[in-house]
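J.: There's a structure below that I have some questions on.
The values are calculated or read from the model by the stated rules, or taken from the named source; none is laboratory data. What you see is a predicted model; the values in this text were computed from it and never measured. Every residue, glycine among them, receives a Cβ derived from its backbone with ideal geometry; neighbour counts consider all protein chains shown. Ligands, DNA and RNA are excluded from the accessible area calculation, which covers all protein heavy atoms including side chains. Shrake-Rupley method; radii C 1.70, N 1.55, O 1.52, S 1.80 Å.
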Amino acid sequence: MDRILLIIRHPENQRLLSACLAQDYEVVSFAPNKDSIAGQAAPPTADLCLVDGDSLGQMMSALTAMRAESAPLWLPVLLVIPKSKIPHKTHQCWQSIDEVIAVPIEKAELLTRIGVLLRVRQLSQQLLDANRTLQMQNQQLQELNQLKSQFVSMVSHEFQNPLGAISGFLQLLLRQGDKLSASKRQRYLEKAQATLSHLKTLVNDVLVIGRVGRLKFEPVVINLVELCQTLLEEIRFNAQAQGRIEFTVAAGSETTLAAVAVDPNLLRQIITNLVTNALKYSPEGRPISFSLSHKESQILLSIQDQGIGIPESDLPSLFEPFYRASNVGTQAGTGLGLAITQQCVELHDGDITLESNIGIGTLVRVSLPLKNDSVIVRKTDI
């Protein structure tokens, strides 16, 4: 219900106007002399102010302040005044009032004037709401355009380097293969294979990030320990990291985790991204620790490296697409891995946390709900 503020000096006029309007509106009154003496600092807030000629001069600064506070939403002011004083008052106070009604007042005319002013105020509110919506949509479009530019730039740069490297190794082998020793040929082939593995990771990240918003959580009951072992063997082979990944399963967890409801495709993204990151940003030869356990109703994954660490100032932004820590140097990467990982964790209704110290290493913990019953609830992405 719209609220009308009566600023009327004479009590009887105030009473009559209040009785006239009370059926259709919430009416609050402010008597300039009485309420000012009582210490009321300012009139109550309202959707429309109805003020008489005797009060206008005294209340002009207060009305101006109320309108400024309401801005950009328009606050209408209706002046009630004897007809003989209209030319003088409207000329003197035109900046503080929007409409004038002469006394004696006809109820129908008063209600019509008030209805029109309130309707214009409602349109003002709708216009403001529409403007805010357009501003938000414009901001979102600017952010999307920025992400698109970052994406195109990243893809062009990150794909060009490995493709150039693979092409170079192959040309070298084709032109000088018969002149190279067997060990050199083997080394070039291994380098080409490692670069191709990196390129496959880039392509996979791009495909996954393109599906964000359309990813689905499709759990099945699997042996989580065996899945982790399989994934880690793939990572060891692709990253040539034999002996660097230490995998442990907490005592008492292996039986429980032998039949849990997870999405293996999403879990592949989580484990591959986190372990690959740990290997990438750790010096050659330093081991990576991957532990798997359960606690009450949670599956717990922990990946600990002894790498370069992450600056504290970068930690709040690490899960944003395309963001990379400031100390990665020339190490190749897209800045998509952790963003994808977080999406996959959230689709499991899980949590991911990260702790890091420069020069000491990074610890990532993933917690997923433990479900091993036969009823699997499917849900789509947020």
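J.: Length gain on complete extension for the stretch I360 to E312, per 0.36 nm per residue less the alpha carbon to alpha carbon distance?
T.: Extra length available between I360 and E312 comes to 16.0 nm.
J.: While we're looking at this one, here's another question. Using a 1.4 Å probe on the protein heavy atoms only, what accessible surface does M59 show? Give it in Å² to the nearest 10.
T.: 10 Å²
J.: For a Förster distance of 30 Å, can you work out the FRET efficiency between the beta-carbons of A130 and V28, rounded to the nearest 0.05?
T.: 0.55
J.: Please state, rounded to one decimal and in Å, the Kirkwood hydrodynamic radius that the stretch 231-305 gives when every pair of distinct Cα atoms enters the mean of 1/r.
T.: 13.1 Å
J.: Please give, to one decimal in nm, the separation of the simple spin-label points placed at D178 and E190, each 7 Å out from Cα toward the Cβ.
T.: For the pair D178/E190, the computed spacing is 2.7 nm.
J.: In this model, which of K191/K216; K184/K280; K85/K107 are farther than 30 Å apart at the alpha-carbon?
T.: Those over the limit are K191/K216.
J.: If you build the convex hull over the alpha carbons only and average its shadow over all orientations, what do you get for the stretch 263-348? Give it in nm² to one decimal.
T.: 6.3 nm²
J.: Can you work out the PRE-style zone for F322? Point 7 Å along Cα to Cβ, and I want the residues of the stretch 122-149 with backbone N under 19 Å.
T.: Residues passing the 19 Å test: 137-149.
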